[in-house]
Amino acid sequence: MKVLVPVKRVIDSNVKARVKSDQTGVDLANVKMSINPFCEIAVEEAVRLKEKGVAEEVVVVSIGVAQAQETLRTALAMGADRGVLVQTDADPGPLGVAKLLKAVIDEESPKLVLMGKQAIDGDNNAAGQMLAALLGWPQATFAYRIEIAGEKATVTREVDGGLQTLELDLPAVITADLRLNEPRYASLPNIMKAKKKPIDVKEAASYGVDIAPRLTVLKVTEPPKRQAGVKLESAADLVSKLKNEAGVL
Amino acid sequence: MAVLVIADHDNAHVRDSTHKTVTAALKLSGDVDVLVAGKDCGAAAQQGAKISGVRKVLVAESDALGQGVAEALEALVVPLMANYDAVLTPATSQGKNIAPRIAARLDVAQISEIIEVVDESTFVRPIYAGNALETVRSSDAKKVITVRSSLFKAAAEGGAAAIEPIEAPAAPAKVRFVSQEVVKSDRPELAAAKIVVSGGRAMGSAEEFKRVIEPLADKLGAAVGASRAAVDAGYAPNDYQVGQTGKVVAPDLYVAIGISGAIQHLAGMKDSKVIVAINKDADAPIFQVADYGLVADYKAAVPELMEALTQAGK
Ligand SMILES: Cc1cc2nc3c(=O)[nH]c(=O)nc-3n(C[C@H](O)[C@H](O)[C@H](O)COP(=O)(O)OP(=O)(O)OC[C@H]3O[C@@H](n4cnc5c(N)ncnc54)[C@H](O)[C@@H]3O)c2cc1C
Ligand SMILES: Nc1ncnc2c1ncn2[C@@H]1O[C@H](COP(=O)(O)O)[C@@H](O)[C@H]1O
């Protein structure tokens, strides 16, 4: 079975995003970029499926600027087999991403799409569900555990209040939550090997899908800053402040 | 303009996040209907009808809707949208699960986790773990919106809307519900609690988490939360996680014990009215957002705090 994993290039999760002074966006010049942490988990899961003999091929797809090739290389170094870069300088947003992924999937015909639940830049948490709807495929979001047997996937999901288990007919879309697995570090030999793995570069425009933005960003601002408060000497002080000053007890 | 709110409920009760989402919806239009989709959810529908400002309540019942299967909700809501210009739902795990499917089928962008309605087409939403706020205008004819309900006031009760049963779609063919493990608790719900007490990696074990965090929460009538590190290590169940990828809370009082204050944790609690931090490291980033801090080992500080609360009549 072929598994397709969409991966996004985003600001590294250890970097604090800074808003540009002209309020047009977040300053990404000279900022460390990495594979989106949830996409990394999806890649890890796909590679494990390959190691278990469940998957034959793992194809990673990124939509974005030319440098997103680095993101694909990261995934290839973890064990994916080949990459597809759908190149565009515009940010298509989750709907445009889902449409482009559908076009890629129509060509690739994977049995399973594993993706991140959320990209940590836009925090949309939408592309996977949108893709599933466009394909008419079943979905399991926020996956905590995945078992594949024959033509079925049994997925335990993180939901409000606990865990839910669903059984899906393949092909299906599954989005990864944080606790699905712990991604491996790529070894040096695997990083070297990844340099020789194929990456197919395609222009987003060549797919002929409408990815015109539906949302216009009017401005990007800093959230109101909290002032650091006071450090107190004792728990008794704390209770008295909470009662008399803050009025929350 | 007519707006549909998909209720967050457990069949017996509508959750407070529904009232808050109604508030957001009323900023778009006076014509707000609430959809209660579930199984044996008549009681929740009755409560929905009492939310002030609601025009009517639509009720649909089936097994798949009761299990919250996304494909069933999609099949129910997409045709209903012929009558509505916008659909809103709280950004709970279920809201996030279903809304993008509806948006894709309507061929519109989703506007995720809004914190403010500027006008009918313009909304403010946090991005980059809340380190930036984006104001976006939608050019789509219909809007699909998830709402960060902690930042809206709950609509009052006192309404008496009509309740209208509607037909549920056939069960989805390609997905089956297997089971659900629910974490049972008598404490207030994390998302709606006035006080939240959270524990972090410092707890070191599930037993210690229970021993330290739960009695304090009970004394304060608080919900219990946790950092990702505490959840990952198995000290607390997954749905306790507060943060960028967990729950976003904004209680009157948030008490962080043995939590360092990583950006991703702050994303889930920095809109709390009052923040208290107990951490033995005076340089922990949590102190940069805390109104009151105790630089102390929690092992000493929490028992002292319990004692001081008792003395204060708590
Ligand atoms: C994509 C992504 C998403 C994430 N999402 C979330 C999220 O939603 N929520 C979240 O919380 N995290 C999230 N994280 C993880 C986050 O980056 C931090 O790793 C996590 O919040 C750390 O948890 P902690 O503060 O409990 O642990 P630590 O950072 O290890 O802090 C423990 C603290 O306890 C203090 N301490 C130790 N012993 C004592 C003692 N005896 N008494 C008092 N204090 C003590 C220490 O000084 C320290 O400050 C995410 C990370 C990534 C990459
Ligand atoms: N530009 C992109 N290229 C490839 N995959 C993407 C892209 N944007 C989003 N995705 C996928 O969709 C998931 C959810 O993203 P989002 O809906 O943007 O939060 C990510 O974890 C990726 O798997």
ask   = Applying the selection to segment B:170-184, what residues are small (G, A, S) and touching a residue at least 24 places away in the same chain (Cβ under 8 Å)?
value = B:A170, B:A171
ask   = Given the conditions (1) more than 16 Å from ligand 2 (Cβ to nearest atom); (2) surrounded by fewer than 15 Cβ atoms within 10 Å (Cβ to Cβ); (3) at pLDDT 95 or above, and given that A:G150 satisfies all but one, which numbered condition is not satisfied?
value = (3)
inquiry  = Kindly evaluate B:T135 against the criterion of being among the polar types (S, T, N, Q) and more than 22 Å from B:L80 (Cβ to Cβ).
reply    = yes
Pairs with Cβ under 9 Å, 6+ apart, first in segment A:1-22 and more than 18 Å from A:Q67 (Cβ to Cβ) and within 11 Å of ligand 1 (Cβ to nearest atom), second at pLDDT 95 or above and of a type in the set (K, R) = A:N14/A:K32
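Tell me, please, whether a residue that is farther than 30 Å from B:M269 by Cα and within 14 Å of chain A (Cβ to nearest Cβ) can be found in segment B:80-87. Please lay out each step first, then the result.
Applying the first criterion (farther than 30 Å from B:M269 by Cα) to segment B:80-87 yields B:80-85.
Next cut, within 14 Å of chain A (Cβ to nearest Cβ) only: B:81.
Within segment B:80-87, one or more residues are farther than 30 Å from B:M269 by Cα and within 14 Å of chain A (Cβ to nearest Cβ).
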ask   = Name the residues in segment A:72-115 that are touching a Gly at 6+ places or on another chain (Cβ under 8 Å) and within 16 Å of ligand 1 (Cβ to nearest atom), would you?
value = A:M115
request  = Would you mind listing the helices (runs of 4 or more DSSP H) fully within segment B:3-94 where at least 1 residues are under 18 Å from B:K142 (Cβ atoms)?
outcome  = B:16-26, B:70-80
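Could you look through segment B:244-270, keep only residues that are hydrophobic (A, V, I, L, M, F, W, C), part of a loop (DSSP other than H, G, I, E, B) and away from ligand 2 (no atom under 16 Å from the Cβ), and pick out the one that is farthest from A:R226 (Cα to Cα)? So that I can check it myself, show each step before the final result.
Applying the first criterion (hydrophobic (A, V, I, L, M, F, W, C)) to segment B:244-270 yields B:248-250, B:253, B:255-257, B:259, B:262-263, B:266-267, B:269.
So of that shortlist, the ones also part of a loop (DSSP other than H, G, I, E, B) come out as B:248-250, B:259, B:262, B:267, B:269.
Keeping just the survivors that are away from ligand 2 (no atom under 16 Å from the Cβ) gives B:249-250, B:259, B:262, B:269.
Values: B:V249: 16, B:A250: 14, B:I259: 18, B:A262: 15, B:M269: 12 Å.
Looking at the filtered set, the residue picked out is B:I259.
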inquiry  = Which count do you get for residues in segment A:14-41 that are within 14 Å of another protein chain (Cβ to nearest Cβ) and within 12 Å of ligand 2 (Cβ to nearest atom)?
reply    = 6
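Quick check on B:A192: is it surrounded by fewer than 24 Cβ atoms within 10 Å (Cβ to Cβ), hydrophobic (A, V, I, L, M, F, W, C) and either more than 12 Å from every other protein chain (Cβ to nearest Cβ) or out of contact with any strand residue (DSSP E or B) (no Cβ under 7 Å at 6 or more places or on another chain) (or both)? Before you say what the answer is, go through the steps one by one.
Working: surrounded by fewer than 24 Cβ atoms within 10 Å (Cβ to Cβ): yes; hydrophobic (A, V, I, L, M, F, W, C): yes; either more than 12 Å from every other protein chain (Cβ to nearest Cβ) or out of contact with any strand residue (DSSP E or B) (no Cβ under 7 Å at 6 or more places or on another chain) (or both): yes.
Answer is yes for this residue.
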key: Identity of the residue in segment B:202-243, surrounded by fewer than 23 Cβ atoms within 10 Å (Cβ to Cβ) and assigned to a loop (DSSP other than H, G, I, E, B), that ends up farthest from ligand 1 (Cβ to nearest atom)   = B:G221
task = Please give the strands (runs of 3 or more DSSP E) falling wholly within segment A:163-249 in which 3 or more residues are of a type in the set (V, I, T) and either more than 9 Å from chain B (Cβ to nearest Cβ) or over 30 Å from A:G25 (Cβ atoms) (or both).
result = A:172-176
request  = Exactly one condition in (1) without any contact (Cβ under 8 Å) to a residue 60 or more places away in the chain; (2) within 16 Å of ligand 1 (Cβ to nearest atom); (3) not small (G, A, S) is not met by B:T92; state its number.
outcome  = (1)
task = Determine whether B:V77 is within 27 Å of A:E167 (Cβ to Cβ), touching a helix residue (DSSP H, G or I) at 6+ places or on another chain (Cβ under 9 Å) and buried (at least 23 other Cβ atoms within 10 Å of the Cβ).
result = yes
ask   = Taking strands (runs of 3 or more DSSP E) that do not extend beyond segment B:112-169, which have at least 2 residues that are free of Cβ contacts under 8 Å to residues at least 24 places away in the same chain and touching a Ser or Thr at 6+ places or on another chain (Cβ under 9 Å)?
value = B:122-127, B:132-138
message = Any residue at all in segment A:147-162 that's hydrophobic (A, V, I, L, M, F, W, C), within 11 Å of chain B (Cβ to nearest Cβ), under 30 Å from B:V136 (Cβ atoms) and within 16 Å of ligand 1 (Cβ to nearest atom)?
response = yes
ask   = Counting just the residues of segment A:120-143 that are more than 7 Å from chain B (Cβ to nearest Cβ) and closer than 12 Å to A:A176 by Cβ, which one comes out surrounded by the most Cβ atoms within 10 Å (Cβ to Cβ)?
value = A:G128
note = Of (1) in contact with a strand residue (DSSP E or B) (Cβ under 7 Å, 6 or more places away or on another chain); (2) within 16 Å of ligand 2 (Cβ to nearest atom), B:T135 satisfies every one except (2)
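The values are calculated or read from the model by the stated rules, or taken from the named source; none is laboratory data. All figures in this text were calculated on a predicted structure; none of them were measured in a lab. A quick note on method: Cβ atoms are made from the backbone with ideal geometry, for glycine too, and the neighbour counts reach across all protein chains shown.
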